[in-house]
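Note sheet for the following structure.
The values are calculated or read from the model by the stated rules, or taken from the named source; none is laboratory data. Because the structure is predicted, anything quoted here is derived from the model rather than measured. Because the Cβ atoms are built from the backbone with ideal geometry, glycine has one as well, and the counts that use them run over all protein chains shown. Ligands, DNA and RNA are excluded from the accessible area calculation, which covers all protein heavy atoms including side chains. Shrake-Rupley method; radii C 1.70, N 1.55, O 1.52, S 1.80 Å.
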Amino acid sequence: SEPASFEGDKWRTLRFAKMRRGRTKFEMTKTAMLSLLLVTASLLFATKAEITAKDPFVKVDGIKFKLGNDQFVFQGFNSYQLPEGAGDWGPVGRLMVRDILKQAQENGLTVLRTFAFAGRLKQNALMTGPGEYNEKMLEALDFVLDEASKRDIRVVLVLESYWNTAVDKDKTHANGIHKYLQWIKESKNVTLEVNDFYSDKDCKRMYKDHVKFMLNRKNSINGRVYKDDPAILSYNIMNEPRCEECGKVLQGWIDEMAAYVRSIDKNHMITVGEDGFYSNEFSSDRYMKMNPGDWADSQGQDFIANHKGKDISYAAIHIWPDDWNHREVRFQHDWILQHIFDAENKLKKPFVIEEFGKTREPGEDFDRRNRFLETAFMDAENNVLKGGAVAGTSWWNWYGRGDGRGDGYAIFSEDHSTFEVINKFSERLKNAVRSKDKNAVAFSTKEFNDLYGMLSSDGTVETLAGKSGEPGHSDGKAKSSKLNEPHGLALTADGKRLFIADKENHCVRVLDTATGELTTVAGKPGESGLIDGSVEEALFNGPTAVAAPESGSFLLVADAGNNVVRRVDLESGQVATFLEKETPFGWVGNPQGIACDKTCEKVMLVDSGNSRVLDISQGKVKIIAGPEDKGWEKKGFQNGPGANATFSFPLNAAMTSDGKAAYIASNDNTAIRKVDLVTGEVSTLAGDGKDGTRDSDNIFKEPARFRWPMGVALTPDGKYLFVADQYNHRIRVVDTETSEVKTVAGWVQGFQDGNLIAKDTKDVQSFVAAMFNTPRGVAVHSDGDVADIFVADSGNHAIRKISVQLADEIKIRSNGK
C-alpha cells in the first residue's frame, strides 16, 4: 500500500508556535542599535510622495486594481509585529518601524500587511476586554499607518486572527479569536469550542463591535478616520480562519462579517485572509486533489465559495511549503496557478499572493529561500504580462535591524541577497504593468524546464483506454473500454501495438495505439488459473509484466500469481508455460518483471520474492545477480559482482536492445539499479535508498529520489530510462549516462488529462496539469522530435499516453548510432 501521508494536524500551529517561541521583548545588539540610530537622520528628511487624505482609494476594476485611472499592481510585505514594536518597545521600536518603511520604499515595495490587533503579551494587547482598548497600542497602530502613508505605502489591516499566539505568563491571556472564548468563559462560566466562535451570538457581537470601533477610529496623529483613509488598501476580515467539518458555518460567518464591514466602510476593499484550501462541503473531488493533503479538505475554507460573495473585493491565498510538507517549488507553482485560474474564470476577481515564504535555518545560505521567492514573483510577473488577475504579492515576514525575534520564515533587514531578489522583482513587476508586448513572458522555456526539473514542459497527456477510471473488463475504444489494475507494458518497435498485463482481470490485452481499440489477447476475464492451450482457453493468475520482441510475434508473460513465465504465440494463438516455478535454485517467487533484447533470444526475469535477477533464455535458468537460495531472507542494497549484490523486492526491468545491460526498479531500495549482463556487475543508476520526490540539481542539494518505483522502459538508443514512480504518482526519466533525474509528467495523485505542467497562458486549458494514480507500467516510442510514453495508470485502471516535445539537446535517436 502507499506509504502513510503527512499528518496534517501537526502543521497547524507550527508557524505560530515559532512566533510564540520568539523573544517576547524587543532585543537589540549595540551594533544594531548604532546602525539604526545612524539611519535616523535620513528618516527625518523623506522627500518622496506621500498619501494624503485627498488621494483616491484603490478600487477593483474587473480583475484588476485601479488607483485613479492607472492599473495598480503591488509588491508588498508582511510585518505583523510593527504596531507591537511601535507601542511596546519604546523609542527604538518606532525607529525600527521607520527604518523598515524607508527600506521598503527603497526596494519598490508599496503595500504593508499588518495586524490591526496585538497582544502576544497581556501588556501589549490592543483589546483588553469586550469593548475595552489599550490606548497606547491604538496610538501605535496610528503611528504605523501615518508613517506608511508618508512613504507612499498602503496598508492591509488584518482585523482578527484564528491563531492564538499569546506567550504571557498569565495563562488566562489569549489573543486571536481565542480571547473572545476566554472572555465568555470568564463572564458566563461557559466553555466554548473554537468552532463555536463562528455561530455563537456573543462572539459575533464582540467581533462586530471591534470592527465598528476600529473602522470609526480617528488617527491620533493625522486626524484621518480609518474608514476614510486612502492609506489603507483593504481589510482582511480574519487571518487564516478555520472551522473543522463546518465549512458552511464558516461561509455564513464570512458573508455576514464582510457585509457588516461594507455597511460601515464604503471606501475600502475587503478580502478574507485565508490559505485557499478547497472544502469537501463545496468543491468536487478534483479540487480536493489540489489541496496540500487530505487534512486540508475539512478545515472549512473553500477558496471559491469564500471569495464569491458580493462584499468580497478580491481573492487571496497563503502558501506554507514547510508547514504543509511540500518543500518544492513545483507545489508552490501549481498552488498559485490553480488559484489564478479560479480567480480569473470562476470568481472573475483580482488575485493576491498574500503570504508566502520559505524557512531558513540559522547559518544556512539564502539560496533555497530566494528560489522560492523568485518562483512566486515570476509566476506573478508572468500573469501580469499576459493581462491576468494577479494584483499583488506580499511575502512573509519582515523583521527590523537587530530584532531578536522571528519565526522560521523571518526575513531580516540585513538579509542582503534576499533583498536583491525583492528589489529586482519589484522593478520587473513595474515593467510588466507598463509592457505593451503581448507575447512577453517572465521566463524562457529552458529556464522554466530547469526551474521545475522537467524533461520538457511542452506536451500533453491523454487517456487511450479506461477513460471512466472504473475497474472492469470490456474491449473497445477509450470511453467504453475497461481494465483492472494494469501493470507491465510492452510495445512493438513501430509503436503501433501496446501489450498490457491486465493483472486483476487475469488477462493479457493489446491496444492499437493509433485507433485506441483495446482487445483481449489471452486469458478469461476475471477467472484465474494455470491452463495452457489456445488463447481462448488459457488461464493466468495476476500477470504483472510482459515482454515482446520488436516484431511483436510472441509475448513472454510474468504470471506472478502462478510463479511461472508463459509464452503467448500470437501467430498460432497458443499459450505455453515457458518457465516452471520450480528451478534448480528453488521456486520462482512472485515475479514482477521480465525483459528481453530486440529478438527476445536473451531473456531476464525479476524474481521479486527472492530478490534476485535470473537469466531464463531458452527457458534455462541462471542467476545473474542476487542470492542462490532463501532470497526472502537476504534482502539488501549492495552493489558489486552479481554473486555479492543484493536487492530488496525488485520489480520490473528494461533491457538494452543489444542485451548487454538491464535496468531494474528496485522497489524497497527506492532506487534504479543497473546490471551489466556481460560481467554481472550491479551498480546504482539513481536513488539512494531513501524515498523522496526530488529531481536532480534541486535547490535542497539532495540526491534525486523515488517513492517505490516499478515500471521502467528504455528509449531505442538506450540513453533515457523512463520510470513509473508509483507513490510519487509521476513519470520520471533518468539519463543513463549522467544519472540525472527529471520529471516527465504528474504532480499529485488524481485522474486528469492535460499538460505536463500547469502554465499561465491565455489558453485556459494550459492551466490543467495531468495527474496519475499509482502508475506501474511504462513503454516508450520516439521519432526523435516527439517521445510517446505509454503509462499503465494502475490506480485509475487506465492506459495513458504522454506526448513530449523534445528540445534539440534531448533528441532521441532511433538506434545506438
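Couple of notes before you dig in:
- Computed over the range 158-307: relative contact order in percent, which uses C-alpha pairs under 8 Å that are six or more apart: 23
- Positive dipole terminus of the chain, leading residue within Pro627, Leu489, Tyr452 (C-beta point charges): Tyr452
- Judged by the gyration tensor of its Cα atoms, with axes a ≥ b ≥ c, the range 491-605 is oblate; a/c meets the 1.5 cut and b/c is at least as large as a/b.
- Restraint check, Lys690/Lys742; Lys59/Lys386; Lys204/Lys248; Lys122/Lys169; Lys630/Lys660, Cα-Cα greater than 19 Å: Lys59/Lys386; Lys630/Lys660
- Which listed pairs, of Lys289/Lys438; Lys496/Lys524; Lys150/Lys424; Lys218/Lys308; Lys66/Lys150; Lys150/Lys227, have C-alpha distances above 26 Å, in listed order: Lys289/Lys438; Lys218/Lys308
- Relative to the longest principal axis of the Cα atoms of the chain, the long axis of helix 329-342 lies at roughly 70 degrees.
- Estimated dipole of the range 85-140 in Debye, rounded to 20 [Cβ of Lys and Arg +1, of Asp and Glu -1, Cα centre]: 120
- The gain in end-to-end length when the Glu364 to Lys477 segment is fully stretched comes to 35.2 nm, 0.36 nm per residue minus the alpha carbon separation.
- The helix-based estimate of mean residue ellipticity at 222 nm for the chain, built from -39,500 (n - 2.57) per DSSP H run of four or more residues and divided by its residue count, is -6500 deg cm²/dmol to the nearest 500.
- Fully extended contour minus Cα-Cα distance, from Lys630 to Glu681, at 0.36 nm per residue: 16.3 nm
- In this structure Ser803 has an accessible area near 30 Å², from a 1.4 Å probe over the protein heavy atoms.
- Cα gyration tensor, the range 655-704 - rounded (a/c under 1.5), prolate or oblate: prolate
- Cα extents for the range 127-208 along the principal axes, largest to smallest and rounded to whole angstrom: 47, 28, 21.
- Rolled with a 1.4 Å probe across the full set of protein chains, the surface gives Lys66 an accessible area near 60 Å².
- Whole-number accessible area per residue in Å² for the chain, which is evaluated in the context of all protein chains at 1.4 Å: 37
- Among 92-100, 618-626, sorting by the average number of other beta carbon atoms lying within 10 angstrom of each residue, highest first, gives 92-100, 618-626.
- Prolate/oblate/rounded call for the range 396-458, Cα gyration tensor, a/c under 1.5 rounded: oblate
- Fully extending the segment from Asp785 to Asp70, taken as 0.36 nm per residue of separation minus the present Cα-Cα distance, adds 252.9 nm.
- Between 0 and 90 degrees, the angle of helix 416-434 with respect to the longest Cα principal axis of the chain falls at about 90 degrees.
- P(r) weight above 11 Å for the range 766-809, C-alpha pairs, percent: 67
- Protein accessible area in the chain, 1.4 Å probe - carbon and sulfur %: 48
- Unit charges at the beta carbon, dipole of the range 546-656: most positive-side option, Ala576, Gln638, Ala547: Gln638
- Here the chain is treated with +1 on each Lys and Arg Cβ and -1 on each Asp and Glu Cβ, and its dipole about the Cα centre works out to around 2380 debye.
- FRET efficiency estimate (nearest 0.05) - Cβ-Cβ, Val433 to Lys346, R0 25 angstrom: 0.55
- Helix 135-150 and the longest principal axis of the Cα set of the chain meet at an angle near 70°.
- Cysteines of the chain lacking any other cysteine Cβ under 4.7 Å from their own Cβ: Cys203, Cys507.
- Sparse-neighbourhood loop sites, trypsin sites (Lys or Arg not before Pro) in the range 168-228 - DSSP loop, at most 12 other Cβ within 10 angstrom: Lys169, Lys171
- Here the alpha carbons of the range 372-498 define both size measures, Rg and Dmax, at 23.8, 70 Å.
- In the chain, excluding the sites themselves, the longest stretch lacking any of the chymotrypsin sites (Phe, Trp or Tyr not before Pro) that are in a DSSP loop with at most 16 other Cβ atoms within 10 Å is 46-442.
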